[in-house]
1. Run the helix sum for the chain: -39,500 (n - 2.57) per DSSP H stretch of 4+ residues, divided by residue count, reported at 222 nm to the nearest 500 deg cm²/dmol.
2. Could you check the spin-label model distance between residue 12 and residue 32? Points 7 Å from the Cα along Cα→Cβ, value in nm.
3. So how strong a dipole does the chain carry about its Cα centre when Lys and Arg Cβ are +1 and Asp and Glu Cβ are -1, to the nearest 20 debye?
4. Over the Cα atoms of segment 16-63, what is the Rg over Rh ratio if Rh follows Kirkwood?
5. Please give the helix 34-50 orientation as an angle from the longest Cα principal axis of the chain, in degrees from 0 to 90, rounded to the nearest 10.
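No value in this document is a laboratory result; all are computed from the given coordinates. All values reported here derive from a predicted model rather than from experimental measurement. Because the Cβ atoms are built from the backbone with ideal geometry, glycine has one as well, and the counts that use them run over all protein chains shown.
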Amino acid sequence: MALSLTYNSYASVAEADYYFEDRMTVTAWTNASTADKAKALVSATRVIDKEQFVGSATSSTQALSF
C-alpha cells in the first residue's frame, strides 16, 4: 500500500526529510530509498494509532486516530 496522508500516515516523506535535516545520527533515514521511507512512516503511524492518548477524533470519518 502506498503512503497516503491522513489515510495511513501522519507525515509525508518530504516532511520527514525536512524533520531529519537538523537531527544527528540519521544515516539510516537519509540512506533509505523513498519507498522504504514511506514504509517506515506507515509503520510508525500504526504504532502511534495503537497508543491510548487522551482525546478523541475530530471527525467520525477520519481514517487515523488523531
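1. Roughly -13500 deg cm²/dmol at 222 nm, from the helical runs in the chain.
2. 1.8
3. 220
4. Checking Rg against Rh, the ratio lands at 1.09.
5. Here the helix axis deviates by roughly 40 degrees.
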